[in-house]
Each structure stands twice: as C-alpha cells, then as structure tokens.
Amino acid sequence: QSALTQPPSASGSPGQSVTISCTGTSSDVGGYNYVSWYQQHPGKAPKLMIYEVSKRPSGVPDRFSGSKSGNTASLTVSGLQAEDEADYYCTSCAGINPLFGTGTKVTVL
Amino acid sequence: EVQLVQSGAEVKKPGESLKISCQGSGDSFTTYWIAWVRQMPGKGLEWMGSIYPGDSDTRYSPSFQGQVTFSTDKSISIAYLQWSSLKASDSAMYYCARHDGYDSFDYWGQGTLVTVSS
C-alpha cells in the first residue's frame, strides 16, 4: 500500500487561507468517510486536528476544516496564524489498516 | 484525561534487542487500540500496527510484519514494542497513540528516540 499523496509544501500570509489536498484511491480515501488530519510542530508529537473527514476534536479552533470529494480529501486553515506553521499529515483507511499521507509543510509568510 | 507516557531514549548496537514502552492513564486503555507509529529522521509518519489491550488482538502493517512485536500488560496499562535484532535502519522516533481502529489517533505519547549505531 502506497502512502496517500500530499503536496510537499503550501504557504500563505497571516489572515489568509491555505488548503492542503490528500489524494488516495477508491480503496481508501474514496471508499470510507474515515479521513483524519494531524498537525506536527518540529520536535513534537502529532496532534489530531480533524477526524471522520470534517469533525473537530474539542479544543481545535474552527479555523481548521476538512472536506472530501471522490478520492481527494482537503484540509483548509482559514485566518492563518503564525502558530499554524507546521507539518500536516492526513490518514485514511485502506481496508482495516490506516494509511498516512506523505505530509505537507505549511509556511506562514 | 488520557495520557500516554513513553520510555526514554535508547542507544543500541546492531543485533541487540530492545523493548520500549507506552504507559497509559485513564480508564479507556482496554477499550481502544494502541498504535505504534515510526518517524525516521526528516521523514513522514508510518503506521507500524496496532494492538488491542483488551484481548491482545494485533494488526501489523505489511511493512513491519515479522520485524517487530507488540505486546501489552493490561493490568498495569502498558503497551510494548520490541525488536529481537536491531538494524541501523531502525533508528527513528517511535510514537504510541490511542487508535480508534480506523483512521483516527487521538492521543499521542511524547515519542521514544531509538538510535542504532555501531
């Protein structure tokens, strides 16, 4: 099973929006409403930001939103803030096994 | 609140064995999966597999099947990841995380850095 495909990098100015894509197949992203997104700052453990495509865990700002269309899921960060600069990873299920995306480095200009 | 606390950094030689741990707190340890996730230096996250402490049911990623072993001691809420013969390519950060059995990892340990070098 290959990793889900994400763009290596994305950027935006403070206050702007940035959208990260996560492309899989009909056997994973397209086949289930199980897509989650993680934020990882350097030297830190990942943090769950979105689960089941578009649900936010308690404490995650509503600036973070998720969606899915076909075999591609997306994470949008609105109103970019300096602390949003981090690596972001998606996951989905390939059958019963989770599959991570390749990761996207988000830079706040 | 759920917390996962991992054992400290390890420095080992190729061929040596190793067992690292993930101590859970909270009352959900036996009702969720515990996943192990590898992150090699400068690289992305890789799901190694998951274990269900309630009955020790285990799922391994095909990439890690036969390379590592998961175990738990549910009486003390600890999950383990072990190697019988380390290789230099096992050098990485290893995270444990609470896994819902599908795509979601909602609580993470702080990570254990494993360095394998002669």
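The values are calculated or read from the model by the stated rules, or taken from the named source; none is laboratory data. The shown structure was predicted, so the numbers you read here are calculated from the model rather than taken from an experiment. Here the Cβ is made from the backbone with ideal geometry for all residues, glycine too, and neighbour counts use every protein chain on show. Ligands, DNA and RNA are stripped out before the accessible areas are found, and what is left, the full protein with its side chains, is counted by its heavy atoms. Shrake-Rupley method; radii C 1.70, N 1.55, O 1.52, S 1.80 Å.
Across the range B:100-118, what is the total count of residues that are more than 13 Å from the chain's Cα centre (by Cα), facing another protein chain (nearest Cβ under 7 Å) and assigned to a loop (DSSP other than H, G, I, E, B)?
So the count comes out to 3.
Are any residues in the range A:42-100 more than 20 Å from B:ARG98 (Cβ to Cβ) and either of a type in the set (D, E, K, R) or facing chain B (nearest Cβ under 8 Å) (or both), and if so, which ones?
Of everything in the range A:42-100, those that are more than 20 Å from B:ARG98 (Cβ to Cβ) and either of a type in the set (D, E, K, R) or facing chain B (nearest Cβ under 8 Å) (or both) turn out to be A:ASP62, A:ARG63, A:LYS68, A:GLU83, A:ASP84, A:GLU85, A:ASP87.
Please state which one of B:ASP103, B:ASP57 is acidic (Asp, Glu), open to solvent by 60 Å² or more (accessible area, probe 1.4 Å) and closer than 30 Å to A:ASP28 by Cα.
B:ASP57
Suppose we filter the range B:39-53 for residues that are within 14 Å of B:TYR80 (Cα to Cα) and open to solvent by 30 Å² or more (accessible area, probe 1.4 Å); how many remain?
Going through the range B:39-53 one residue at a time, the tally reaches 1.
Can you find a residue in the range B:10-32 that is open to solvent by 30 Å² or more (accessible area, probe 1.4 Å), within 14 Å of chain A (Cβ to nearest Cβ), touching a Leu at 6+ places or on another chain (Cβ under 9 Å) and modelled with pLDDT of 95 or more?
no
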